[in-house]
Amino acid sequence: MQTTTSGGRMLWDLPTRIFHWALAVSFAGAYVLSEADEARGFHVMFGYTVLGLVAFRLVWGFIGSRASRFASFAYSPLAALGYLRDLARGRARDYAGHNPAGSWAIYGIIVLAMATGITGWLNLHGVGGEEAFEEVHEAFANAWLALVVLHVAGVVVSSLAHRRNLAASMVTGRVPEAVVERAAGAARGPGPEVTTRSRWALGSALAVAVIGFWTWAATTAGSPLLAGVAGEHGQASTPYADHEDHEDD
Ligand code: HEM
Ligand code: HEM
């Protein structure tokens, strides 16, 4: 077991951590660029990254290491409310993996990420009419933003309550040994601990895939992602638009 070396127990495997921070960057990137017509290609690039990351996470939730498996954080809504109540009273249990309230935020984020990405695609391709999905896409994005604010607030409050830095654990993967020892939740759930080298390989592969996709998109300002898209969404950010040959062969 390589899991108890310096600084606590390895709980968040590399693929989950890469997923987390790549999702955070992609969400922020897509959101910040959402109104800039000239950056539409990059907006769509981040949006597709979100869809790819979520697809990966849905699989990893079944075959990943213990704390990443959905089965290890399948809490009832009552358990989530109970955690929040205890948190307000200053006596919430410290969960080594996701706590019951955080788990619901995570499910919400995954669902809203899919909904935002899919409606973005429908919007871009004008499905159901030019603007049929514009409002709903924006509404999903804003609901997701609200949940992210709650999520980050929850991380801060729980970190203060449990006197440990939860965000740092999402960076290093490690959780203090003492927390795991008396752990409620994920640390004792189904699935393997984080031990095998293959997880490093998969985590690295995920990072390379994301960076590779962004590099490819950046070399062309994202224009291949808008290829074949008619109307206002495609034109502004397609450098080739001016040179387009309108003759049909
Ligand atoms: C500064 C910003 C952020 C910090 C410090 C942060 C921190 C964390 C932490 C500590 C966890 C583990 C929670 C736990 O211990 O139960 C977590 C999980 C998660 N966060 Fe964040 N987060 C941030 C931003 C975001 C953003 C922007 C998104 C989505 C766009 C996001 C989505 C998620 C998801 C989906 C999980 C579940 C991870 C998994 O099991 O795959 N986070 N985050
Ligand atoms: C998943 C992350 C995404 C987020 C957070 C996001 C967010 C947003 C937001 C907030 C707007 C409204 C901008 C405004 O006020 O005008 C917007 C517009 C748009 N999004 Fe996304 N989006 C995402 C993904 C996608 C994807 C995957 C696509 C296409 C494949 C896409 C295509 C579009 C288009 C074409 C518009 C322009 C709507 C208009 O005409 O104003 N988005 N997006």
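Read-outs throughout are calculated quantities, based only on the coordinates presented, and are distinct from any laboratory measurement. Everything numeric in this text was worked out from a predicted model, so none of it was measured. When we count neighbours, we look across all protein chains shown, and the Cβ atoms used for this are built from the backbone with ideal geometry, even at glycine.
Per-structure values
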quantity	calculated
Whole-Hz ³J(HN,Hα) from phi, Karplus 6.51 cos²θ - 1.76 cosθ + 1.60, for segment 219-229, glycine and proline x	5, 10, 6, x, 5, x, 6, 9, 4, x, 8
Efficiency of FRET between E177 and R89 - r from beta-carbon atoms, R0 30 angstrom, step 0.05	0.65
Label point distance in nm, V136-S204, each placed 7 Å from Cα along Cα→Cβ	4.3 nm
10 Å Cβ shell holding at most 12 others, DSSP loop, trypsin sites (Lys or Arg not before Pro): longest site-free stretch of the chain	1-88
Structure-based [θ]222 nm, the chain - -39500 (n - 2.57) summed over DSSP H runs of at least 4, per residue, nearest 500	-20000 deg cm²/dmol
HN-Hα J in Hz across segment 8-25 - Karplus 6.51, -1.76, 1.60, θ = phi - 60°, x for Gly and Pro	x, 8, 6, 10, 9, 5, 4, x, 5, 5, 4, 3, 4, 6, 5, 5, 4, 5
Cα-centre dipole for the chain with unit charges at Cβ (Lys and Arg positive, Asp and Glu negative), debye to 20	2700 debye
The chain: angle of helix 134-162 to the longest principal axis, Cα-based, in degrees nearest 10	20 degrees
Distance from segment 24-103 to segment 117-147 (C-alpha centre basis), Å	20 Å
Distance in nm between pseudo-label sites at V32 and W121 (7 Å out along the Cβ direction from Cα)	2.6 nm
